[in-house]
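Right, one structure below, let's go through it.
Any read-out appearing in this document is the output of simple, stated calculations on the displayed coordinates, not a laboratory observation. Everything numeric in this text was worked out from a predicted model, so none of it was measured. Cβ atoms come from the backbone with ideal geometry, glycine included; neighbour counts cover every protein chain shown.
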Amino acid sequence: MDTNLALLLLFAPFAGFLLNVFFGKKLGKGASGTLGTLAVATSFVVTLTFFLQVINTGKPVMVDLFEWLTLANFNVNFGFQLDQLSLLWLMFVTGIGTLIHVYSISYMHDDENMHKFFAYLNLFIFFMITLVIGSNLLIMFIGWEGVGLCSYLLIGFWYKNQDYNDAAKKAFIMNRIGDLGFLIGIFIIGYLFHSLDYTTIATALSSGAEVDATWLSIAALCLFIGACGKSAQLPLYTWLPDAMAGPTPVSALIHAATMVTAGIFMVTRMNFLFNLTPDVQTVIAVVGAITSLIAAAIGLVQNDIKKVLAYSTVSQLGLMFLALGLGAYEIAVFHVITHAFFKACLFLGSGSVIHALHGEQDMRNMGGLKGVMKITYITFLISTLAISGLPPFSGFFSKDEILMTAFHQNKVLWVIGSLASIMTAFYMFRLLYLTFYKDFRGTEEQKHHLHESPGLITFPLIVLAILALVGGVISLPGNSWLNHYLAPVLAKPAHHHELDGTAYMLMGIAVVGALIGIGVAYSKYIKQSAVPAQDSEITGFAKVLYNKFYVDEIYTAIIVNPIYAIGSFFRDVTEAAFSGFIFGLGKVANMLGSEGKTLQTGSIGFYLFAFVLGICSIVVYIFLAK
Amino acid sequence: MENILQQIGIENYIYLSTLLFCVGIFGVLYRRNAIVMFMSIEIMLNAVNLLLVAFSTYHQDATGQVFVFFSMAVAAAEVAVGLAILVAVYRNLNNIDIDNLKNLKG
């Protein structure tokens, strides 16, 4: 029964993918969208039953399907592990996935390739489920690669625009760099433990098996490199902002709520391993903190509504990695969930705005949408308050937990994280004010067409906004349901913060910080009615920020160009030398041939004479040699 | 068998076959008629056959004689093919002078 249900959970989206690929065009847009949505909704319902079952029994559901690979002392089974962690992930992957499918039915309705869009989305959900429910690292890797592929397909969905294709390729290549790290990590783990099963490795480590600490650290570091690629951390984050080329529902589903959290899932899944490698944990925490600060700083001055949200995503992911590095896995997971709610809502909200403005993404040409798009505005406001970390919205609880953990372990990281949070509050309210307040700055024609989005778009917004509002209840400070729920999958007991004076002081600081950020944004964009300058007028440090610290340019200079240089070296020098040599041989043979053909006179008498002469020479030679 | 070799020494067989072989070679080199050249080639072949048989007797080893049978069978086949070619040449050119066969010039 469990096996069949698990297979249904996995293959419902895959069936949706196949049907949409082969029959989507015939089915028509409405049916194609409905089919895709139902496929994911099926997975959600199955997930829900498993989720309730595991909550009741407290025991994970293990499904062992078949033996996959068997070598001398190494075997890999194909099986699923539906435990507390994977079910939690499935809940929001399929749940938010369903909502975003509903949203896409309306959002993508004018697109001629709508069935293809739903096929890709279904395929993505299929691979994401594979990634999450696998019982060993190899299955996770299949899903890991699969979601990368779908991300590529969906970023480049509007393939007629070359910039979008380039963005898709960039995402894929950056991900591949991380994936290589992940794969090497898997190999090392296979070498160390002769198994890739989570439970086997966990048992081996907890029973104190003798494992080379250096190799263990290298393995953990390699896994983290994989996580860096997928979850857009320094130095591999640059693909995520460019990935905004994809349709907005894709940004919401893949590049905010689900795929980019795969790195956090993996680290949490392997927490028993990372616990034993404190050096790597430090690296993770530092990388996370710096990423969150840098991305937030870049987000301060971006003018593309989706770019701001993208950098905000990178920044929030950085905070999650900060928590992971500090060993507070349950807090990172908590932030993943709240972030999934409010960031999906923000992206979908921005999609609603873009939809109303017929593709306009520049905030300098927006404004005053509050009156026209009431539902979008209210849901957007709730999510913005949540991401800014104001109580009682969900983001406050998760972000505060991260900062509190950082404060107790490392004050520097706490300062960095807090700065990032203040910046977050500023740029999110900058976004909100520029988009929804003051007067409309677009063209008259756009103004004429302004309208609230249809119900299929606003419904997911409302659901997500409610979740963003109340999502914090799953892990209230002092009484955390989530910590209790996740305890069986974490090797170390959850961090428990006493609700003492320090805790309240930290909460106060966080709230005051957020209010400062909001206040600055208010005075600048509401009181002074400032509108960001045109590209050419940006100067000073703001210009550095606006150009994203020139990271892309630096990568181009130190990596892309040298590779091109090596390429052209091989083309111009090495290839020229080799082909010169080969062509030279050909020329020699050709010359010999054209000279040699004159020997063939056609005179049989001459041939026979040469023949006899040859035999005589051989005979003479043999006699002389003796 | 030994009697024959006692009566006529092995060296005489060698002389004869050498002579025959040389006759064959000169026939091939000097004559221009394809049929005669063909016959000269057969003479060379038979010179070698003679030598094989002689040494086979001398060494008391039947292998040489067996080998000669093979060689004769092959020669017969070769003659059949060769004469067929000559007939075809004659039909086309009305003579079989090898100096006229220069179409295969490189």
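Okay, here's what the table says:
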read-out	value
Isotropic mean projected area of the C-alpha convex hull, segment A:352-546 (nm²)	13.8 nm²
Folded to 0 to 90 degrees: helix A:575-596 orientation relative to chain A principal axis, Cα	20 degrees
log₁₀ of I(q)/I(0) at q = 0.11, 0.17, 0.24 Å⁻¹ - segment A:362-459, Debye sum with one point per alpha carbon	-0.45, -0.81, -1.18
Sorted by Cβ density within 10 Å, fewest first, the residues A:T539, A:T238	A:T539, A:T238
Phi-based couplings in Hz for segment A:416-428 (Karplus 6.51, -1.76, 1.60; Gly and Pro marked x)	4, x, 5, 4, 4, 5, 4, 4, 4, 4, 5, 6, 6
Cα-based reach from A:K543 at 13 Å (exclusive), listing aspartates and glutamates while leaving out same-chain residues under 8 positions away	A:D535
Burial order of peptide ranges A:30-37, A:609-616 (average beta-carbon count within 10 Å, highest first)	A:30-37, A:609-616
By average C-beta atoms within 10 angstrom, highest first, the peptides A:397-408, A:367-378	A:397-408, A:367-378
Along each principal axis, Cα extent of segment A:252-332, largest first, Å	43, 24, 15
Inter-chain shielding of A:604-611 (mean C-beta neighbours from other protein chains, 10 Å cut-off)	4
Neighbour-count order for A:W481, A:W89, A:W158, A:W239, fewest beta carbons within 10 angstrom listed first	A:W481, A:W158, A:W239, A:W89
Relative contact order (percent, whole number), chain A, Cα cutoff 8 Å, 6+ residue spacing	11 percent
Hits among lysines - C-alpha to C-alpha of A:K26 under 18 Å, sequence gap 8 or more where chains match	A:K116
Fewest-first ranking of A:I554, A:I186, A:I129, using other Cβ atoms within 10 Å as the exposure measure	A:I554, A:I186, A:I129
Volume of the Cα convex hull of chain A, divided per residue and given in Å³	259 Å³
Reach of A:K527 by Cα under 18 Å, taken over lysines that are not fewer than 8 positions away in the same chain	A:K370, A:K438
Alpha-carbon centroid distance for the pair segment A:499-517 / segment B:2-48, whole angstrom	120 Å
Under the Karplus curve 6.51 cos²θ - 1.76 cosθ + 1.60, θ = phi - 60°, whole-Hz ³J(HN,Hα) for segment A:373-385, x wherever Gly or Pro sits	10, 5, 5, 4, 4, 5, 5, 5, 4, 4, 5, 5, 4
Per-residue ³J(HN,Hα) for segment A:300-308, Karplus 6.51 cos²θ - 1.76 cosθ + 1.60, θ = phi - 60°, Hz, x for Gly and Pro	4, 10, 6, 10, 7, 4, 6, 5, 4
For the protein assembly as shown, size of Cβ-based charge dipole, Lys and Arg +1, Asp and Glu -1, in debye	1480 debye
Ellipticity estimate at 222 nm from DSSP helix runs (n ≥ 4, -39,500 (n - 2.57)) divided over chain A, nearest 500	-23500 deg cm²/dmol
Ranked packing of A:347-360, A:276-289, B:63-76, most packed first, by mean Cβ within 10 Å	A:347-360, A:276-289, B:63-76
Normalised alpha carbon radius of gyration of segment B:2-100 [divisor 2.2 N^0.38 Å]	1.32
Restricting segment B:5-106 to trypsin sites (Lys or Arg not before Pro) in coil, as DSSP defines it, with at most 12 other Cβ within 10 Å	B:K102, B:K105
Rounded, prolate or oblate (a/c below 1.5 giving rounded, otherwise prolate when a/b exceeds b/c) for segment A:233-279 by Cα gyration tensor	oblate
Summed side-chain charge close to A:T248 - residues other than A:T248 whose Cβ falls under 14 Å, Lys, Arg +1, Asp, Glu -1	-1
